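*Asks:* Below is a structure I'd like to ask you about.
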Amino acid sequence: MLGGTFDPPHLAHLIAGEAAFRAFALDEVTFVPAGAPWQKVGQGVTDAVHRWEMTRLAVQGVAYFRADDREVCRDGWTYTIDTLEEFADDDVVLILGADAAAGLPSWHRAAEVVARTTMAVMPRPGADRSAVEASGAVVTWLDVPEMPMSGTMLRARRRAGLSIRFFVPEAVNQYVIDHGLYGDQT
C-alpha cells in the first residue's frame, strides 16, 4: 500500500511503487490517496476528488498498480491505521518516502501501524536515515536513487508558470491543465 496526499501524484510515487513491487514480489501495489489528511490541515490541499482522479490516471496501464478510493470516500480525517484495519486479512507492505517515515512517531496510533506492516522506504534528499530508523519501524530501504521531487515542488512550478510535464504521467499533466490546478500554465 502506497498512501499519500498525491497532490499531484508524480513519477517518484510510481518509482517507489515499482521498486517495492519488485523487492517484495508483491501481487499488486495499491495507491490510496488520503481523503482528509489530518497532518496537512491549513496547507491548502487540493480537493480529494481531483487527487483521486489524478491517482487513478497515474496508475492506469500498469497491471499490478491499483488506485483505491476508500479514504477519499471516508468521512472525517483519514488515518493509515483505519485503512490498514480494512486490509485485516492481508500482509501489508507500507511504502513510504523517507520524509514520511521519519515522521511516523507523530502518526495516529503509530505503534499499531508499525506492528501491522512491513515498511518499504524510498530514500529522499535531505531525509535523515537515522531518524527513519529511530522511528521504531523495521525498515527495508528501496534500491532507488534519491529523487528531489515532491508535490510541493510541482505545485510551486505550476504557480510560477512552469511546466510539470514529464514530472508526472502525461494523463496527470493533462488533467492538471484541463482543471486549472496549481496555476494556469499550459
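*Asks:* Restricting to the range 95-130, and then to whatever is within 18 Å of Val29 (Cα to Cα) and among the β-branched types (Val, Ile, Thr), can you tell me which residue is surrounded by the most Cβ atoms within 10 Å (Cβ to Cβ)?
*Replies:* Residue satisfying both the conditions and the ranking: Ile95.
*Asks:* Looking at the range 104-140, which of its residues are among the basic types (Lys, Arg) and at pLDDT below 90?
*Replies:* Hit for the range 104-140 is Arg129, nothing else.
*Asks:* Pairs under 9 Å by beta carbon, first residue free of Cβ contacts under 8 Å to residues at least 60 places away in the same chain in the range 11-30, partner hydroxyl-bearing (Ser, Thr, Tyr) and crowded, with 21+ Cβ neighbours inside 10 Å, six or more apart or different chains?
*Replies:* Pairs found: His13/Thr55.
*Asks:* Let me ask something else. Pairs only if they're at least six apart or on different chains, beta carbon under 6 angstrom, first in the range 109-138 and closer than 12 Å to Ala98 by Cβ, second modelled with pLDDT under 85 and crowded, with 19+ Cβ neighbours inside 10 Å; list them, first residue then second.
*Replies:* Note: pairs meeting the criteria are Met119/Ala137.
*Asks:* Based on this model, can you work out whether Gln60 counts as surrounded by fewer than 16 Cβ atoms within 10 Å (Cβ to Cβ), under 17 Å from the mean Cα position of the chain (by Cα), under 30 Å from Gln174 (Cα atoms) and at pLDDT 95 or above?
*Replies:* For Gln60, the condition - surrounded by fewer than 16 Cβ atoms within 10 Å (Cβ to Cβ), under 17 Å from the mean Cα position of the chain (by Cα), under 30 Å from Gln174 (Cα atoms) and at pLDDT 95 or above - is met.
*Asks:* Next up: Against the conditions (1) in contact with a helix residue (DSSP H, G or I) (Cβ under 7 Å, 6 or more places away or on another chain); (2) part of a loop (DSSP other than H, G, I, E, B); (3) of a type outside the set (S, T, N, Q), where does Leu14 fall short? Just the number, please.
*Replies:* Going through (1) in contact with a helix residue (DSSP H, G or I) (Cβ under 7 Å, 6 or more places away or on another chain); (2) part of a loop (DSSP other than H, G, I, E, B); (3) of a type outside the set (S, T, N, Q) one by one, Leu14 breaks only (2).
*Asks:* Answer with yes or no whether Ala19 is part of a helix (DSSP H, G or I), in contact with a strand residue (DSSP E or B) (Cβ under 9 Å, 6 or more places away or on another chain), within 18 Å of Gly151 (Cβ to Cβ) and small (Gly, Ala, Ser).
*Replies:* So Ala19 does not fit the description; no.
*Asks:* I would also like to ask the following. Would you say Thr80 is surrounded by fewer than 17 Cβ atoms within 10 Å (Cβ to Cβ) and either under 17 Å from the mean Cα position of the chain (by Cα) or of a type in the set (Asp, Glu) (or both)?
*Replies:* no
The values are calculated or read from the model by the stated rules, or taken from the named source; none is laboratory data. Note that the coordinates shown come from a computational prediction; the quantities given were computed from them, not determined experimentally. Ideal geometry is used to build each Cβ from the backbone, glycine not excepted, and the neighbour counts take in all protein chains shown.
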